[in-house]
Amino acid sequence: MASDVLIQIEVQVLSNEECGGAYNDFVGTTITNDACMFCAMDDGQDICQGYSSEPMIIRDSDGDI
């Protein structure tokens, strides 16, 4: 069920090595092309149903998008 209210979470971007390990733990196979993707996650954080194709926004150290 999708929410009528925009929900946001903060997650950490993982290195390719961390991403590959997390992906293998979750799916049981390795990533074959990590040059075209990245992983971001944090303990206790997850996407909400209905929001799985929403954009990820990254702010730099000045707070700019």
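The values are calculated or read from the model by the stated rules, or taken from the named source; none is laboratory data. Note that this is a predicted model, so its numbers are computed, not measured. Counting neighbours? That spans all protein chains shown, and the Cβs are built from the backbone with ideal geometry, glycine included.
Residue 14 meets the stated requirement of being of a type in the set (A, V, I, L, M, F, W, C) and modelled with pLDDT of 85 or more.
For every residue, the table says whether it meets (1) within 24 Å of residue 59 (Cβ to Cβ); (2) touching a residue at least 40 places away in the same chain (Cβ under 8 Å).
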site: 7; (1), (2): yes, yes
site: 14; (1), (2): yes, no
site: 20; (1), (2): no, no
site: 26; (1), (2): no, no
site: 31; (1), (2): no, no
site: 43; (1), (2): yes, no
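If you go through region 2-28 and keep only what is surrounded by 10 or more Cβ atoms within 10 Å (Cβ to Cβ) and part of a loop (DSSP other than H, G, I, E, B), you end up with 3, 7, 9, 11, 14, 15.
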